[in-house]
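Following: one structure in structure tokens, then a few remarks.
Values in this text are rule-based calculations from the coordinates and carry no lab data. Note that the structure is a prediction, hence the values are computed from the model and not measured. Virtual Cβ from ideal backbone geometry, glycine too; neighbours counted across all protein chains shown.
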Ligand SMILES: [Zn+2]
């Protein structure tokens, strides 16, 4: 179905177009249509009065024609109308949160919720983290695969948080997606601990709900997917501060700090950053045009390709974010999760994009606006996550990154391991230097022994010569 090409209008490309055509912009787009019309009308009036004073009918007709053309030209500049948030389809952030809380209360044996707050330089943020852990005595908690999912990192991508909510229902209450029986996944789910952040950018989302439909940044204008430390702050030629403001330092934003701590403590094996703007399954890297080398990259690619084949009929774009989209993003979460967090399977999923939406019609560009598409997208991606979990679990076990059972086979992956490996590396370097030092000492000792033995040999040689001479001279005297 070549959805890949169809949706090959990346979020950023859309953003760029929006920026260049309407955005730098955006105020101009907002103001210009009525202004243009008003200007045309005013000019028309003036011309009308001038025409009435003109005695020449030909000139009158000419001016009328000019006026008509002016009005038509002005009308051509009117941007397409902006689609408002479909309140009948989409939850408000408050109602979404309430519904999640109700769900957690109803399924306390499987779900729990934490609220984490942080602040930095006068700006505060609050994140809600829902944990799914189906505790069974037959399954050792230590052998479970850890999955961390974040939705709504960009404020305007409301559809992602709706997927989060539906996925929670799928995990707990609804045993079918679009009529498909999910009982075959039940056993697999017992081997997972899933942590979900349904609205990573709650402050930014509230701005969108208040009417800033094109805003993707957090509550103080920072792009949370540019605030992480890998390749942070690098700016491409087409850098656009409205879209990609990385903040004043890596992890300057409380939302990013909370997510980093969550990843450090939870040590996920699978991380997915869920966005909208196009349809794609991305792996690292975002900041360069390559995927990582070696077995880990092979593992990630294999999981994504299986998911693409099994669920999307190979229609999704698969590859590195930087390579497949055609632009580089610096300081992204997924690159950090791979390079620093050592998460074996870090992904970015782009779940929906409408390339027919006009450049400043952001809600429509990033979110389905009719019920059929809304349900289709949600069902499709809920099922995609179940298949991802299944593929991830199998591949992680095959690669022996997680054990089949007992706790002592457990190989945790995460920040502590990074620190340990750094410590180990420093230790190795130190031992190397120590070895070098020892070698120098040995050399010195050998040199001294060599000099001593040479001296002894010389001494013996000289003694021998002198004794021979004495003997020889004695012989002379004796002969
Ligand atoms: Zn996004």
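Computed values, structure above
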read-out	value
Residue exposure sequence - 126, 350 - by fewest surrounding Cβ within 10 Å	126, 350
Beta bridges per DSSP with both ends in the range 93-411, % antiparallel, nearest 5	50 percent
Cα-projected label distance for residue 86 with residue 397, points at 7 Å along beta-carbon direction, nm	3.9 nm
Cα gyration tensor shape of the range 93-411, rounded if a/c is under 1.5, else prolate or oblate by comparing a/b with b/c	rounded
Ranking of 387, 258 by count of other Cβ atoms within 10 Å, fewest first	387, 258
Residue 182 paired with residue 126, simple spin-label distance in nm, labels 7 Å along Cα-to-beta-carbon	2.8 nm
Shape of the range 109-261, Cα gyration tensor, a/c cut at 1.5	prolate
Efficiency of FRET between residue 119 and residue 288 - r from beta-carbon atoms, R0 30 angstrom, step 0.05	0.35
Stretch gain in nm, segment residue 457-residue 295, where the contour uses 0.36 nm per residue and the Cα spacing is subtracted	52.2 nm
Residue exposure sequence - 169, 352 - by fewest surrounding Cβ within 10 Å	169, 352
Förster radius 22 Å - calculated FRET efficiency between residue 355 and residue 236, Cβ distance, rounded to 0.05	0.45
